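*Asks:* Can you keep this structure in mind? I'll have questions shortly.
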Amino acid sequence: VTERIRDLERRGVIRGYRADVDPAALGLAVRAHVRLTMDGSAPLTKEKELLRRLAANPLVRSVHRVSGEDCFVAQVLCRRIEDVSALLAELVSTRAIQSSRTAFVLETVMERGGLGAVEAPMLPE
């Protein structure tokens, strides 16, 4: 088993190990999905600045470039709704955003953490 785990680590299948921390236990009870649409007339340097600010902010847990109307979706975890407002104000100051939409999570119905055991339909053929 140890040899197989080492092989998976070496090949990058297992990327690391982490603790499963309950955000609510730390007072981080507000979750939001912030959808950002870029200003198409803004120079590429503005997008890079926006992404740099998102990456530097510890409240931002993930950022995805997405298809459709929006350009990016950022998942935010914080203590207060005002924290999300402050983040949005910081992002607007880059002058890279055409519009934003924020959805606050009311209830998490189902969430899978790390990938865990991989089922057959997920494996390459």
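*Asks:* Kindly list the number of the only condition in (1) modelled with pLDDT under 95; (2) open to solvent by less than 90 Å² (accessible area, probe 1.4 Å) that fails for R6.
*Replies:* (2)
*Asks:* Sticking with this structure for a sec: Just give me the residues in the stretch 30-85 being touching a residue at least 40 places away in the same chain (Cβ under 8 Å), in a helix (DSSP H, G or I) and open to solvent by less than 80 Å² (accessible area, probe 1.4 Å), in sequence order.
*Replies:* K46, E47, E49, L50, R53, D83, V84
*Asks:* Now, a different point. Which of the residues spanning the stretch 67-81 are under 15 Å from the mean Cα position of the chain (by Cα) and farther than 15 Å from I97 by Cα?
*Replies:* Scanning the stretch 67-81 gives Q75, V76, L77, C78.
*Asks:* Give the stretch 36-52 a look and list any residue that's of a type outside the set (D, E) and more than 13 Å from the chain's Cα centre (by Cα), or say none.
*Replies:* Once the filter is applied, which keeps residues that are of a type outside the set (D, E) and more than 13 Å from the chain's Cα centre (by Cα), the stretch 36-52 yields T37, M38, G40, S41, A42, P43, L44, T45, K46, K48, L50, R52.
*Asks:* Mind checking whether some residue in the stretch 9-19 is touching a residue at least 12 places away in the same chain (Cβ under 8 Å) and either of a type outside the set (K, R) or open to solvent by less than 80 Å² (accessible area, probe 1.4 Å) (or both)?
*Replies:* no
*Asks:* Hey, another quick one. Filter the stretch 11-29 down to residues that are part of a helix (DSSP H, G or I) and more than 17 Å from the chain's Cα centre (by Cα) and give me whichever is modelled with the lowest pLDDT.
*Replies:* Checking each candidate, the answer is A24.
The values are calculated or read from the model by the stated rules, or taken from the named source; none is laboratory data. The structure presented is a predicted model; accordingly, all values stated were derived computationally and were not measured. Please note: Cβ atoms are built from the backbone with ideal geometry, for glycine as well, and neighbour counts cover all protein chains shown. These area figures cover heavy atoms from the full protein model, side chains too; ligands, DNA and RNA do not enter into them. Shrake-Rupley method; radii C 1.70, N 1.55, O 1.52, S 1.80 Å.
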